[in-house]
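Taking it in order: structure first as structure tokens, then the write-up.
The values are calculated or read from the model by the stated rules, or taken from the named source; none is laboratory data. Worth saying up front: this structure is predicted, and the values here are computed from it rather than measured. Using ideal geometry, Cβ is built from the backbone for each residue, glycine included, and neighbour counts are taken over all protein chains shown.
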Amino acid sequence: MGKQTYLWLKSKLFKYIFWLIFFGILWIVYEAKRRNAYSCAKYTIVKPTNISGGFSSYMSLEYDVTYQNKKYSGSDGKGLSKSKAVGNPRFYLNRRYFVRFYCEDPNVSEILWDISVPDSLNNMPVNGWDKIPYGLGKLK
């Protein structure tokens with residue numbers, strides 16, 4: 001192997017290793033923040049305010065979360081594409097859903113599609129629950 005080939009290979013290898021380490025560090029920071037956000041989560045019940053999107057695979061429910069007397073907007077459509085009632089938007093607007101939101105940034109929230117909200121559950125704490133009430137989170 002000639003000296004030029006060796007230097008070329010060494011410089012290319014250095015660049016690849018540099019970018020691999022750089023993106024690895026970014027991924028570690030992202031995961032640490034994500035796990036930290038999950039460590040301070042609250043739960044509440046929302047009723048959707050609107051459905052956005054036109055095609056069933058791109059539809060999402062819009063809703064408002066109130067936390068510490070401030071209103072935050074959220075949207076989630078992950079569960080809509082799995083549902084059999086995709087063709088009927090009123091089905092979603094007339095239901096209530098548990099939502100997990102994050103203490104540090106309540107704009108980051110998600111609907112818990114697998115947990116049904118019983119009709120008898122009407123009183124919610126102003127700042128949400130620390131966990132799904134009455135063991136409902138364990139039922140699926």
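Name the residue that is modelled with the lowest pLDDT, counting only residues in segment 74-102 that are under 21 Å from LYS131 (Cα atoms) and over 13 Å from the mean Cα position of the chain (by Cα).
Per the criteria, the residue is ARG95.
Inside segment 113-131, can you point out the residues that are closer than 28 Å to LYS33 by Cα and touching a helix residue (DSSP H, G or I) at 6+ places or on another chain (Cβ under 8 Å)?
The answer is ILE115, LYS131.
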